[in-house]
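To keep things clear, I will list the structure first and then write my remarks on it.
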Amino acid sequence: MPKIEFTETFEEYYGKLPMEIQKKVKKVIHLLVENPRHPSLRAEPIEGAPGIYKARVDRGYRLTYERLPGDVLRLRVVGKRDETLKNP
């Protein structure tokens, strides 16, 4: 079971999200811990950003993360889909 690590950027962006989206992000984080390959996450590598992956929060929001040695997932950015994927 992977451990989760948060970047300052992730925490900053998360704090600015609407409460409804924050709840969904918490659910996604729980799924990442339980099963990073869970189908509802739609997790996949981001083209042009080696080692960085995206996961679906809902239709309009995504979060990005990277896999680190020692079974650690570092959450990088969370926000609206297009903005998040421009700067993962």
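None of the figures in this text is laboratory data; all of them are computed from the coordinates on show. Bear in mind that the values here come from a model prediction, so they are computed numbers and not experimental data. We place every Cβ from the backbone using ideal geometry, glycine too, and count neighbours over all the protein chains shown.
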Can you tally the lysine pairs in the stretch 3-86 where the Cα-Cα distance is under 16 Å and the two residues are eight or more apart, or on different chains? 13
Note to self, the chain gives a 222 nm [θ] from helices alone (DSSP H runs n ≥ 4, -39500 (n - 2.57) apiece, / all residues, nearest 500) of -10500 deg cm²/dmol
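Would you work out the charge dipole size for the chain about its Cα centre, treating the Cβ of every Lys and Arg as +1 and the Cβ of every Asp and Glu as -1, and quote it to the nearest 20 debye?
Once rounded to the nearest 20, the dipole reads 320 debye.
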Can you list the residues of the stretch 49-83 with backbone N under 16 Å from a point 7 Å past the Cα of Lys26, pointing along Cα to Cβ? none
Tell me which residues come under 5 Å, amide H to amide H, from Ile52 once H is placed; ignore anything under 5 positions away on its chain. Ile46
P(r) of the chain over all Cα-Cα pairs, binned every 10 Å from zero, in whole percent: 18, 59, 23, 0
The long-range amide H neighbours of Thr7, using H built 1.01 Å from N in the peptide plane and a cut-off of under 5 Å, are Leu75
Of the GluC sites (Glu not before Pro) in the chain, which ones lie in a loop per DSSP and count no more than 14 other C-beta atoms within 10 Å? Glu47
